[in-house]
Amino acid sequence: MKRHVDYTWRLAELMAARGMNNTTDLIPLLAERDISLSRPQVYRLVNQRPERVSLQLIAALCDIFGCGPDALVTVTAVNARERHTATNSGPNVVPLDRTTRPRRANILDE
């Protein structure tokens, strides 16, 4: 059975709970842990859902907020719906009778 796995990135929620309202508040805290990110990188990290994050960055964020990785990322997995196909049904094609052909129209000028 196939499963659909998704995740929620919750860094903005953790920052709000700590009273950090600006994304730039995170830059010096990351720099203390030898991670240097630019302002646009930190903005995207906080406000968008990242596809790839290094384990060093996750470890630094966990250290900053005093939490585990499960507080940063919430994982949801559900069973994918199976597609059911109709059984005992013929092909989805209408047979054409090729013996009869339409007559050509004759247009008369008046």
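The values are calculated or read from the model by the stated rules, or taken from the named source; none is laboratory data. All of these numbers come straight from a predicted model, not from anything done at the bench. Note that each Cβ is placed from the backbone with ideal geometry, even for glycine, and that neighbours are counted across all protein chains shown.
Within the stretch 36-49, the set of residues being loosely packed, with under 14 Cβ neighbours inside 10 Å and in a loop (DSSP other than H, G, I, E, B) comprises S36, S38, Q48, R49.
Can you work out which of the residues in the stretch 26-65 that are of a type in the set (A, V, I, L, M, F, W, C) and touching a residue at least 40 places away in the same chain (Cβ under 8 Å) is farthest from T8 (Cα to Cα)? Walk me through it before giving the result.
Pass one, the stretch 26-65, residues of a type in the set (A, V, I, L, M, F, W, C): 26-27, 29-31, 35, 37, 42, 45-46, 53, 55, 57-62, 64-65.
Still in the list and also touching a residue at least 40 places away in the same chain (Cβ under 8 Å): 61, 65.
Working: L61: 16, F65: 17 Å.
If we take residues in the stretch 26-65 being of a type in the set (A, V, I, L, M, F, W, C) and touching a residue at least 40 places away in the same chain (Cβ under 8 Å), then F65 is farthest from T8 (Cα to Cα).
Just wondering, is there one or more residues in the stretch 87-103 that are surrounded by fewer than 10 Cβ atoms within 10 Å (Cβ to Cβ), acidic (D, E) and modelled with pLDDT of 85 or more? Among the residues of the stretch 87-103, not one is surrounded by fewer than 10 Cβ atoms within 10 Å (Cβ to Cβ), acidic (D, E) and modelled with pLDDT of 85 or more, which makes the answer no. What pairs can you find where one residue is in the stretch 1-22 and farther than 16 Å from L45 by Cβ, the other is loosely packed, with under 13 Cβ neighbours inside 10 Å, and their Cβ atoms are less than 6 Å apart, with a gap of 6+ or different chains? Within 6 Å, the pairs are M1/N79; K2/A80; R3/A77; R3/N79; H4/V78; H4/A80; V5/A77; D6/T76. Among the residues of this structure, R33 does not count as one that is under 30 Å from R81 (Cβ atoms), at pLDDT 90 or above and part of a loop (DSSP other than H, G, I, E, B).
So, in the stretch 20-73, how many residues would count as being hydrophobic (A, V, I, L, M, F, W, C) and under 21 Å from the mean Cα position of the chain (by Cα)?
In the first step, residues of the stretch 20-73 are kept if they are hydrophobic (A, V, I, L, M, F, W, C); the result is 20, 26-27, 29-31, 35, 37, 42, 45-46, 53, 55, 57-62, 64-65, 67, 71-73.
With the extra rule that they be under 21 Å from the mean Cα position of the chain (by Cα), the set shrinks to 42, 45-46, 53, 55, 57-58, 71-73.
Going through the stretch 20-73 one residue at a time, the tally reaches 10.
Suppose the filter is hydrophobic (A, V, I, L, M, F, W, C), modelled with pLDDT under 85 and either surrounded by 10 or more Cβ atoms within 10 Å (Cβ to Cβ) or assigned to a loop (DSSP other than H, G, I, E, B) (or both); does A59 pass it? Step through it out loud before you land on a result.
Numbers: hydrophobic (A, V, I, L, M, F, W, C): yes; modelled with pLDDT under 85: no; either surrounded by 10 or more Cβ atoms within 10 Å (Cβ to Cβ) or assigned to a loop (DSSP other than H, G, I, E, B) (or both): yes.
When the stated conditions are applied, A59 does not pass them.
Quick check on my filter: what residues within the stretch 3-30 are assigned to a helix (DSSP H, G or I) and of a type in the set (V, I, T)? Hits for the stretch 3-30 are T23, T24, I27.
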